[in-house]
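Notes for the one structure printed next.
The values are calculated or read from the model by the stated rules, or taken from the named source; none is laboratory data. The model shown is predicted, which means the values in this text are computed figures rather than measured ones. All Cβ positions, glycine included, derive from the backbone under ideal geometry; neighbour counts span all protein chains shown. The protein model used for the area step is the full one, side chains on, heavy atoms only, and it has no ligands, DNA or RNA in it. Shrake-Rupley method; radii C 1.70, N 1.55, O 1.52, S 1.80 Å.
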Amino acid sequence: MKIFTYMFGALVLSVGTALSANAAPILFCSNGSIDLVNDGCISGSASGYLNGGDGIYSNSGGGDPEADVEAAILAATGASVDISLYGKSDNDNSASLFAFTGSVPTATDEVGGQSGDWDVLDNAIEVAYITIKAANSFALFDVQGSNSGTWNTEGILNNGGSQPGVSHISFWTVGGTTNVPEPGTFVLLSMGMLGLGLSRRKKR
(Lines give C-alpha, C1' and ligand atoms only; values in the text may rest on other atoms or scores of the structure.)
Protein backbone atom coordinates (compact mmCIF):
# COMPACT_ATOMS: atom_id res chain seq x y z
CA MET A 1 0.00 0.00 0.00
CA LYS A 2 1.47 3.36 -1.04
CA ILE A 3 1.17 6.25 1.42
CA PHE A 4 1.86 9.82 0.38
CA THR A 5 2.29 12.99 2.39
CA TYR A 6 1.68 16.37 0.79
CA MET A 7 3.25 19.54 2.14
CA PHE A 8 3.52 22.92 0.43
CA GLY A 9 5.82 24.57 2.97
CA ALA A 10 9.01 23.90 0.98
CA LEU A 11 7.68 25.14 -2.35
CA VAL A 12 8.92 28.32 -3.97
CA LEU A 13 7.46 30.58 -6.61
CA SER A 14 9.03 30.28 -10.03
CA VAL A 15 9.68 34.01 -9.87
CA GLY A 16 11.04 33.79 -6.31
CA THR A 17 8.52 36.19 -4.81
CA ALA A 18 6.92 35.73 -1.41
CA LEU A 19 3.16 36.25 -1.36
CA SER A 20 2.48 37.61 2.09
CA ALA A 21 3.67 37.25 5.66
CA ASN A 22 1.07 34.62 6.55
CA ALA A 23 1.14 32.58 3.33
CA ALA A 24 3.22 29.58 2.36
CA PRO A 25 5.01 29.98 -0.96
CA ILE A 26 2.90 28.84 -3.92
CA LEU A 27 3.68 26.77 -6.98
CA PHE A 28 0.91 27.40 -9.52
CA CYS A 29 -0.09 24.64 -11.94
CA SER A 30 0.36 27.13 -14.80
CA ASN A 31 4.09 27.44 -13.99
CA GLY A 32 4.66 24.15 -15.85
CA SER A 33 7.32 21.45 -15.40
CA ILE A 34 5.91 20.52 -11.99
CA ASP A 35 6.50 17.22 -10.22
CA LEU A 36 2.94 16.47 -9.11
CA VAL A 37 4.09 13.45 -7.11
CA ASN A 38 6.52 15.23 -4.80
CA ASP A 39 5.42 18.86 -5.02
CA GLY A 40 1.87 19.19 -6.35
CA CYS A 41 0.52 22.54 -7.47
CA ILE A 42 -2.30 24.97 -6.80
CA SER A 43 -4.85 26.28 -9.26
CA GLY A 44 -7.22 29.05 -8.30
CA SER A 45 -7.80 32.68 -7.56
CA ALA A 46 -7.39 34.86 -4.50
CA SER A 47 -6.48 38.48 -4.00
CA GLY A 48 -3.38 37.40 -2.03
CA TYR A 49 -1.89 35.38 -4.91
CA LEU A 50 0.66 36.84 -7.28
CA ASN A 51 -1.36 38.29 -10.19
CA GLY A 52 -4.52 37.01 -8.47
CA GLY A 53 -3.88 33.34 -9.31
CA ASP A 54 -2.97 31.03 -12.16
CA GLY A 55 -5.82 31.76 -14.57
CA ILE A 56 -6.81 28.09 -15.02
CA TYR A 57 -9.47 27.73 -12.37
CA SER A 58 -11.74 30.75 -12.03
CA ASN A 59 -15.08 29.35 -10.86
CA SER A 60 -15.29 31.48 -7.73
CA GLY A 61 -17.03 29.63 -4.94
CA GLY A 62 -17.45 26.52 -7.10
CA GLY A 63 -15.87 23.11 -7.02
CA ASP A 64 -13.03 21.44 -8.89
CA PRO A 65 -14.66 20.47 -12.21
CA GLU A 66 -13.13 17.63 -14.21
CA ALA A 67 -12.27 19.90 -17.15
CA ASP A 68 -10.40 22.34 -14.88
CA VAL A 69 -8.48 19.55 -13.16
CA GLU A 70 -7.49 18.11 -16.56
CA ALA A 71 -6.41 21.60 -17.67
CA ALA A 72 -4.32 21.97 -14.50
CA ILE A 73 -2.62 18.59 -15.11
CA LEU A 74 -1.86 19.60 -18.70
CA ALA A 75 -0.45 22.99 -17.65
CA ALA A 76 1.62 21.49 -14.84
CA THR A 77 3.08 18.50 -16.68
CA GLY A 78 2.45 18.95 -20.41
CA ALA A 79 0.53 15.62 -20.40
CA SER A 80 -3.08 15.35 -21.52
CA VAL A 81 -4.83 12.95 -19.13
CA ASP A 82 -8.44 11.75 -19.23
CA ILE A 83 -9.58 11.43 -15.62
CA SER A 84 -12.82 10.18 -14.08
CA LEU A 85 -14.27 11.12 -10.71
CA TYR A 86 -14.25 8.16 -8.34
CA GLY A 87 -15.80 10.11 -5.49
CA LYS A 88 -15.83 13.26 -3.37
CA SER A 89 -15.69 13.64 0.37
CA ASP A 90 -18.93 15.62 0.48
CA ASN A 91 -21.09 13.27 -1.65
CA ASP A 92 -23.90 11.27 -0.03
CA ASN A 93 -22.04 7.96 -0.51
CA SER A 94 -18.69 9.21 0.83
CA ALA A 95 -18.93 7.21 4.07
CA SER A 96 -18.96 3.96 2.08
CA LEU A 97 -15.97 5.01 -0.06
CA PHE A 98 -13.58 6.88 2.24
CA ALA A 99 -12.33 7.30 5.78
CA PHE A 100 -10.84 10.59 6.95
CA THR A 101 -9.04 11.97 9.97
CA GLY A 102 -8.96 15.67 10.55
CA SER A 103 -12.13 17.55 9.74
CA VAL A 104 -13.21 16.94 6.14
CA PRO A 105 -16.67 18.09 5.04
CA THR A 106 -18.92 15.16 4.19
CA ALA A 107 -22.60 15.01 3.26
CA THR A 108 -23.46 15.42 6.96
CA ASP A 109 -20.48 17.42 8.28
CA GLU A 110 -19.71 20.85 6.85
CA VAL A 111 -16.76 21.78 9.11
CA GLY A 112 -13.45 21.87 7.27
CA GLY A 113 -10.05 21.67 8.95
CA GLN A 114 -6.60 22.33 7.48
CA SER A 115 -4.97 18.88 7.60
CA GLY A 116 -5.59 15.18 8.14
CA ASP A 117 -5.46 11.72 6.56
CA TRP A 118 -7.49 10.07 3.81
CA ASP A 119 -8.11 6.42 3.03
CA VAL A 120 -9.97 4.83 0.10
CA LEU A 121 -11.79 1.86 1.63
CA ASP A 122 -11.73 -0.35 -1.47
CA ASN A 123 -8.09 -1.41 -1.84
CA ALA A 124 -8.74 -2.49 -5.44
CA ILE A 125 -9.28 1.14 -6.45
CA GLU A 126 -6.16 2.90 -7.67
CA VAL A 127 -6.52 6.64 -7.28
CA ALA A 128 -4.38 8.55 -9.78
CA TYR A 129 -4.91 12.15 -8.62
CA ILE A 130 -6.50 13.98 -5.72
CA THR A 131 -7.63 17.58 -5.55
CA ILE A 132 -7.99 19.38 -2.24
CA LYS A 133 -10.59 22.12 -2.71
CA ALA A 134 -10.46 25.10 -0.35
CA ALA A 135 -11.77 28.66 -0.79
CA ASN A 136 -11.52 29.49 -4.54
CA SER A 137 -8.59 27.14 -5.25
CA PHE A 138 -7.64 23.51 -5.36
CA ALA A 139 -4.34 21.74 -4.70
CA LEU A 140 -3.52 18.97 -7.19
CA PHE A 141 -1.39 15.87 -6.58
CA ASP A 142 -0.45 12.75 -8.53
CA VAL A 143 -0.79 9.92 -5.97
CA GLN A 144 0.32 7.13 -8.36
CA GLY A 145 -2.37 4.58 -7.60
CA SER A 146 -2.26 5.07 -3.85
CA ASN A 147 -5.31 4.46 -1.67
CA SER A 148 -4.22 6.37 1.43
CA GLY A 149 -2.25 9.44 2.40
CA THR A 150 -2.37 12.79 4.14
CA TRP A 151 -3.82 16.10 3.01
CA ASN A 152 -3.53 19.75 3.98
CA THR A 153 -4.53 23.16 2.68
CA GLU A 154 -1.11 24.75 3.24
CA GLY A 155 -0.25 27.16 0.44
CA ILE A 156 -3.88 27.84 -0.49
CA LEU A 157 -5.11 31.34 0.29
CA ASN A 158 -8.57 32.78 0.72
CA ASN A 159 -9.30 36.37 -0.27
CA GLY A 160 -8.33 37.50 3.22
CA GLY A 161 -4.82 36.12 2.66
CA SER A 162 -5.21 33.30 5.20
CA GLN A 163 -5.03 29.52 4.91
CA PRO A 164 -8.61 28.21 4.59
CA GLY A 165 -10.20 25.02 5.82
CA VAL A 166 -10.88 22.29 3.27
CA SER A 167 -14.14 22.40 1.31
CA HIS A 168 -13.87 18.84 -0.02
CA ILE A 169 -11.40 16.33 -1.42
CA SER A 170 -11.94 14.74 -4.85
CA PHE A 171 -10.45 11.43 -5.95
CA TRP A 172 -9.71 10.83 -9.65
CA THR A 173 -8.93 7.66 -11.57
CA VAL A 174 -7.58 7.08 -15.09
CA GLY A 175 -7.64 4.13 -17.48
CA GLY A 176 -11.21 2.98 -17.01
CA THR A 177 -11.08 2.33 -13.26
CA THR A 178 -14.58 2.04 -11.78
CA ASN A 179 -15.86 5.43 -10.68
CA VAL A 180 -18.96 6.94 -9.17
CA PRO A 181 -20.97 8.86 -11.81
CA GLU A 182 -22.10 12.38 -11.11
CA PRO A 183 -25.90 12.48 -10.58
CA GLY A 184 -26.45 14.11 -14.00
CA THR A 185 -24.36 11.44 -15.70
CA PHE A 186 -26.38 8.69 -14.03
CA VAL A 187 -29.64 10.24 -15.24
CA LEU A 188 -28.32 10.48 -18.82
CA LEU A 189 -27.15 6.86 -18.73
CA SER A 190 -30.53 5.71 -17.41
CA MET A 191 -32.41 7.62 -20.12
CA GLY A 192 -30.13 6.14 -22.78
CA MET A 193 -30.78 2.60 -21.57
CA LEU A 194 -34.53 3.27 -21.46
CA GLY A 195 -34.46 4.62 -25.03
CA LEU A 196 -32.51 1.59 -26.21
CA GLY A 197 -35.08 -0.73 -24.65
CA LEU A 198 -38.01 1.10 -26.27
CA SER A 199 -36.27 1.08 -29.65
CA ARG A 200 -35.76 -2.68 -29.52
CA ARG A 201 -39.39 -3.22 -28.46
CA LYS A 202 -40.67 -1.22 -31.50
CA LYS A 203 -38.56 -3.31 -33.91
CA ARG A 204 -40.18 -6.48 -32.63
(request) Grab the other residues whose beta carbon is less than 15 angstrom from that of residue 108, score K and R as +1, D and E as -1, and report the net. (result) -3
(request) Work out how far the C-alpha atoms of the stretch 74-128 reach from end to end along every principal axis, then list the three figures in whole Å, largest first. (result) 37, 26, 18
(message) As an exercise, find the ratio Rg/Rh for the stretch 69-171 from alpha-carbon atoms, using the Kirkwood inverse-distance average for Rh.
(response) 0.95
(message) Under 8 Å for C-alpha pairs, at least 6 residues apart: give me the relative contact order for the stretch 96-136, rounded to a whole percent.
(response) 38 percent
(request) Using a 1.4 angstrom probe, figure out how much accessible area the stretch 33-108 has per residue, in square angstrom, rounded to the nearest whole. (result) 43 Å²
(message) Through the Karplus equation 6.51 cos²θ - 1.76 cosθ + 1.60, θ set to phi - 60°, convert the phi angles of the stretch 91-107 into ³J(HN,Hα) values in whole Hz; use x for Gly and Pro.
(response) 7, 4, 9, 4, 5, 8, 9, 9, 10, 10, 10, x, 9, 10, x, 10, 4
(request) Note down the net charge around residue 48, summing +1 for each Lys or Arg and -1 for each Asp or Glu among other residues with Cβ under 15 Å from its Cβ. (result) -2
(request) Provide the net charge surrounding residue 81, with neighbours chosen by a C-beta distance below 10 Å and charges set as Lys +1, Arg +1, Asp -1, Glu -1. (result) -3
(request) With a 1.4 Å probe and every protein chain kept in, tell me what percent of the accessible surface of the stretch 113-168 is carbon plus sulfur. (result) 36 percent
(message) Show me the ranking of peptides 119-126, 41-48, 70-77 by mean Cβ neighbours inside 10 Å, starting with the highest.
(response) 41-48, 70-77, 119-126
